[in-house]
Amino acid sequence: MKMGSMRMTWKCVKCGSIVVSHSDIRHDMNFCKCGEAGVDLEEFYTRTFGKIDVISLEEKTKDGWDKVK
């Protein structure tokens, strides 16, 4: 079953940069400015490294973006 597109807004604990990652771009690791943290948000898994704080996790619906977390 295909899930909807997801997007995660996260913040690097070390440098404070805020990054938005999307699940509809395969094998796309997003890095913070200092390079100490990253997120690869995929359809069925999320790969992270470094210390991050998740600001929001949203799923795309026909009416826009619904907050999951």
Normalised per residue, the volume of the convex hull around the Cα set of the chain (Å³)
80
Treating only Lys and Arg (+1) and Asp and Glu (-1) as charged, each at its beta carbon, one finds that the stretch 8-65 has a dipole about its Cα centre, in Debye to the nearest 20, of 260
Net charge of Cβ neighbours under 14 Å - reference Ile25; Lys, Arg +1; Asp, Glu -1:
-1
Could you calculate the contour length gain from Lys33 to Arg47, that is, 0.36 nm times the residue separation minus the distance between their Cα atoms, to one decimal place in nm?
3.2 nm
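Taken together, the values in this text are just the output of simple stated rules run on the coordinates, not laboratory data. Just so it is clear, the structure is predicted and the values come from calculations on it, not from any experiment. For neighbour counting, all protein chains shown are included, and Cβ atoms are generated from backbone atoms with ideal geometry for every residue, glycine included.
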